[in-house]
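I have placed the structure first, in the form of structure tokens, so that the comments after it can refer back to it.
The values are calculated or read from the model by the stated rules, or taken from the named source; none is laboratory data. Predicted model, so just to flag it, every value in this text is computed and none were measured. Note that we place each Cβ from the backbone using ideal geometry, even for glycine, and neighbour counts take in every protein chain shown.
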Amino acid sequence: MNTDVLKVFASTYVIESDISNKDKMYLLNFIKESEKDSILSLLATGIPSHVVTESEIPIEHVESWVESLVEDETMKIPNVALPGSFWSTSGTGAKLGTGIAVAAAVAAAVAASYAVYREYLSRAAKTCRKSPDVPACLKKFKERAVHARMSVLKSKMATCQKTKKPDKCKAQIQKKIDKLNSKAQNKKWLPLR
């Protein structure tokens, strides 16, 4: 799994979780600075550490779980968080509750859309290198990439039905779509229909 896609998944998972803003900021900084194995270890154990720690679940299983959420259309969203002390309680002892399944669904949708976006930009770099008008070519690919990202988010909204709070999940994904749509309109691109 691509490290950037994993970072997007883990960051969105943290943002959408019901934990304090202080804990969110700490974990987001950890994810930003960490390598792939440390992020997988965080997801497996709930403990942010740059030294990969032993857990009940090997990090390979966590990686395949995240990959299946991001790539699989059926997305089997768990009703509980991954094991680990951080995911069951925050530093203040507050329970995370039902927000976890929603967080996993939204994180998977965002990570999947990001993976598609990166693929479009990768193709742009290869294709536009040979183009006589490189800026126009790149603009065209970026427009397609943003629309593809919105389409993926829209298609992943169906997985919200598998969460305990489908309306909350759909609202969170719709916010992400609206933000991208606003960006497209500011660039004078046609909105997603």
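Return yes or no: is LYS36 under 18 Å from VAL70 (Cα atoms), in the same structural domain as SER68 (by TED's automatic domain parsing) and surrounded by 14 or more Cβ atoms within 10 Å (Cβ to Cβ)? Explain how you work it out, then say what you get.
On the way: under 18 Å from VAL70 (Cα atoms): yes; in the same structural domain as SER68 (by TED's automatic domain parsing): yes; surrounded by 14 or more Cβ atoms within 10 Å (Cβ to Cβ): yes.
Considered against the rule, which asks whether it is under 18 Å from VAL70 (Cα atoms), in the same structural domain as SER68 (by TED's automatic domain parsing) and surrounded by 14 or more Cβ atoms within 10 Å (Cβ to Cβ), LYS36 comes out as yes.
Looking only at the range 166-193, filter to residues that are modelled with pLDDT under 85 and surrounded by fewer than 16 Cβ atoms within 10 Å (Cβ to Cβ); which one of those is nearest to TYR114 (Cα to Cα)? Explain how you work it out, then say what you get.
Quick first cut of the range 166-193, residues modelled with pLDDT under 85 only: 183-193.
With surrounded by fewer than 16 Cβ atoms within 10 Å (Cβ to Cβ) added as a condition, the list becomes 183, 185-188, 190-191, 193.
On the way: LYS183: 15, GLN185: 19, ASN186: 20, LYS187: 19, LYS188: 21, LEU190: 20, PRO191: 18, ARG193: 20 Å.
So the residue we want is LYS183.
Return the pair list, or none, for Cβ contacts closer than 9 Å from residues in the range 1-27 that are free of Cβ contacts under 8 Å to residues at least 12 places away in the same chain and of a type outside the set (A, V, I, L, M) to residues that are surrounded by 16 or more Cβ atoms within 10 Å (Cβ to Cβ) and not in a helix (DSSP H, G or I), at least 6 apart or on different chains.
LYS24/SER17
Taking interchain pairs and intrachain pairs at least six residues apart, which have beta carbon atoms under 7 angstrom, with the first residue in the range 160-186 and under 26 Å from LYS140 (Cβ atoms) and the second among the acidic types (Asp, Glu) and assigned to a helix (DSSP H, G or I)?
none
So which residues in the range 14-48 are acidic (Asp, Glu) and outside any helix (DSSP H, G or I), if there are any at all?
Initially, the range 14-48 is screened for residues acidic (Asp, Glu), giving 16, 18, 23, 33, 35, 37.
Of everything in the range 14-48, those that are acidic (Asp, Glu) and outside any helix (DSSP H, G or I) turn out to be ASP18, GLU35.
Could you tell me which of the residues LYS139, LYS130 is among the charged types (D, E, K, R) and part of a loop (DSSP other than H, G, I, E, B)? Walk me through how you get there before you give the answer.
Details: LYS139 fails: part of a loop (DSSP other than H, G, I, E, B).
Result: LYS130 is the single residue among LYS139, LYS130 that is among the charged types (D, E, K, R) and part of a loop (DSSP other than H, G, I, E, B).
Could you list, in sequence order, the residues of the range 110-138 that are more than 19 Å from the chain's Cα centre (by Cα) and either surrounded by 15 or more Cβ atoms within 10 Å (Cβ to Cβ) or in contact (Cβ under 8 Å) with a residue 12 or more places away in the chain (or both)?
Within the range 110-138, ARG123, ALA124, THR127, CYS128, CYS137, LEU138 qualify.
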